[in-house]
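Since the structure comes first, as structure tokens, the remarks are kept for the end.
The values are calculated or read from the model by the stated rules, or taken from the named source; none is laboratory data. Being a predicted model, the structure only gives us computed values, none of them experimental. No Cβ is skipped: glycine too gets one built from the backbone with ideal geometry, and neighbour counts run over all protein chains shown. To get the accessible areas, we keep the full protein, side chains included, count just its heavy atoms, and leave off ligands, DNA and RNA. Shrake-Rupley method; radii C 1.70, N 1.55, O 1.52, S 1.80 Å.
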Amino acid sequence: MTRFIFITGGVVSSLGKGLASAALGALLQARGYKVRLRKLDPYLNVDPGTMSPYQHGEVYVTDDGAETDLDLGHYERFTGVASRRSDNVTSGQIYQKIIAAERRGDYLGGTVQVIPHVTDAIKNFATARQEDCDFILCEIGGTIGDIECLPFLEAIRQLGNDLRGNALFIHLTLVPYIASAGELKTKPTQHSVKELRGIGIQPDIVMCRSEREIPEADLRKISLFCNVPENAVIPALDVDTIYEVPLSYHARGLDTEVLRIFGIDDAPEPDLRPWQEVVQRIKEPEGEVNIAVVGKYVGLQDAYKSLREALVHGGIANKVKVNIEWIDSEIFESEDAVLHLEGVNGILVPGAFGKRGAEGKIKSITFARERLVPYFGICFGMQMAVVESARNLAGLPDASSTEFEKPCLPLVGLMTAWEHDGGQVTRSASSDMGGTLRLGAYDAHLTEGSQVQKIYGATTISERHRHRYEVNINYVEKLEETGMVFSGMSPDGVLPEIVEIPEHPWFIGVQFHPELKSRPLDPHPLFVSFIKAAVERSRLV
Ligand code: GLN
């Protein structure tokens, strides 16, 4: 029997609903339960795939190739459960399906309406593929009071009824501190819960985000006005690291309360030692390293959410603090600016789309290669590493990517452009944006004895992809003459997946996104190894 937990948010956005959901998932899991987390997004985009990282932060890709909300990244990092396409739905997706069905005539002339057609579709999504889960946690995106949330709230209200006894509602609100009054205020929480009750949802638990300890009297007030028992008012205070959130919520009784409401009285105590260990390593590092992330969307850190966390995980594994310097690659396009990189212990060029800043990234890669600074290129960062070696070592000054340079020597281009051309290297770059993204998990075969094979401890790996362009296999020989090794290839041997420079202390480029699979309790081997190399470098400089 699967139980459902619905999580809504009130007062303001960005309260960390995704994190709260993920942390509760981790707590239930630490008690031995099987959990799955889902996100219901009210916006009208079909998925976040085409949304600007500035608007929406990172696009999180699942094994089965869905482009999803970044909260799914939190879910995976906290629970280790791989998300699937069926774990994220948007209004856009729901309407697209319903309208297609209407056009086909599936409704047999009936009127198609928000209730019941849209709400039924939402209910079906939330309750699909329960498998043997003990708990399914569904986070509703947006904030109570948003017009577009209404069908979702109506759907979960109905589910509360349908699943009577097997569903509970958690509402996350803000208790702000008003400096001029010197007080925390409960009124926004009261109003938000009132709004929710107006829709017909009585929350079972109210979680109160607050930057200060909430006095007993205020907790009692919230309990009274929001109609929830006192021990179901859970203070959710700011903590030093997000990985402390499960511990903090447990200390406040969140998981205990959830189990009590469901009438589960034989639950084992949670084993929180792995989380304690992670938090201790973050809070008491034995050293630190400075990593420069030379990217494009550095103004908004949510754009590189998983990357940032994966670097933290690499630090946890090496017991060091990782200081990340976010650098806009465009600055390296002016003379000698790369010298700013002098003091860093590692350079990482992450994924990106389009031309802006590409030349600056290439300059930073030259710097890393020549100065023997550990270099990690991810997706675009791998493509640019190949272009850099081609231009500066292989004597191919016109080398570039057809993504932004046409015509050019296509070291990187659409796979369709050379897959079928019999290995003929051409100067034409006729490819357009017609290709589709290669999305989701694909295997790669690693060369026995290569650095990456040793790092992974395996010769076949599976990693998640999100790219349209590929390194051109026709240049492999020429590049290998420069000392670059193609140490990971697609199983059919056609698509380069990994390059490395064995003569360099640590120079690895990967076509996939390893950061999507890194977790605090199971850091990704490439990040562990990269940070280790940065630690070694820090001892030299
Ligand atoms: N823009 C490049 C491509 O489409 C790289 C994408 C990425 O870095 N995620 O192949």
If we count every other residue with Cβ under 10 angstrom of residue 62's Cβ, Lys/Arg +1 and Asp/Glu -1, where does the sum land? -2
For the range 61-92 and the range 350-414, what is the separation of their C-alpha centers, rounded to whole Å? 30
With a Förster radius of 25 Å, plug the Cβ-Cβ distance of residue 106 and residue 161 into 1/(1 + (r/R0)^6) and report the FRET value to the nearest 0.05. 0.40
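I'd like the antiparallel share, as a percent to the nearest 5, of DSSP beta bridges with both residues in the chain. Provide the component values of the computation, followed by the final result.
Values: 25 of 77 bridges.
Here the antiparallel bridges make up roughly 30 percent for the chain.
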How much length, in nm to one decimal, is gained on full extension between residue 277 and residue 1, taken as 0.36 nm per residue of separation minus their Cα-Cα distance? 96.1 nm
If you stretched the chain out fully between residue 52 and residue 443, how much longer would it get, using 0.36 nm times the residue separation minus the C-alpha to C-alpha distance? 137.9 nm
Before I look further, what does the range 324-381 give for accessible area per residue, probe 1.4 Å, in whole square angstrom? 35
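Sorted by accessible area (1.4 Å probe), largest first, how do 59, 386 line up?
My answer, sorted largest first, is 59, 386.
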Ignoring ligands and nucleic acids, residue 456 exposes an accessible area, probe 1.4 Å, in Å² to the nearest 10, of 40
Leaving out same-chain residues fewer than 8 places away, which aspartates and glutamates sit with a Cα under 14 Å from that of residue 185? 211, 213, 216, 218
Using +1 on the beta carbon of Lys and Arg, -1 on that of Asp and Glu, and nothing else charged, what's the dipole of the chain about the Cα centre, debye to 20? 940
Classify the range 288-333 as rounded, prolate or oblate, taking a ≥ b ≥ c as the square roots of the eigenvalues of its Cα gyration tensor: rounded when a/c is under 1.5, otherwise prolate if a/b is larger than b/c and oblate if not. oblate
Beyond a 19 Å Cα-Cα separation, which of these cross-linked pairs lie in this structure: 39/283; 39/123; 34/305; 454/478; 355/478? 39/283; 34/305; 454/478; 355/478
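Considering only protein heavy atoms and a 1.4 Å probe, what is the carbon-and-sulfur percentage of the accessible area of the chain?
Percent of accessible area from carbon and sulfur atoms in the chain: 49.
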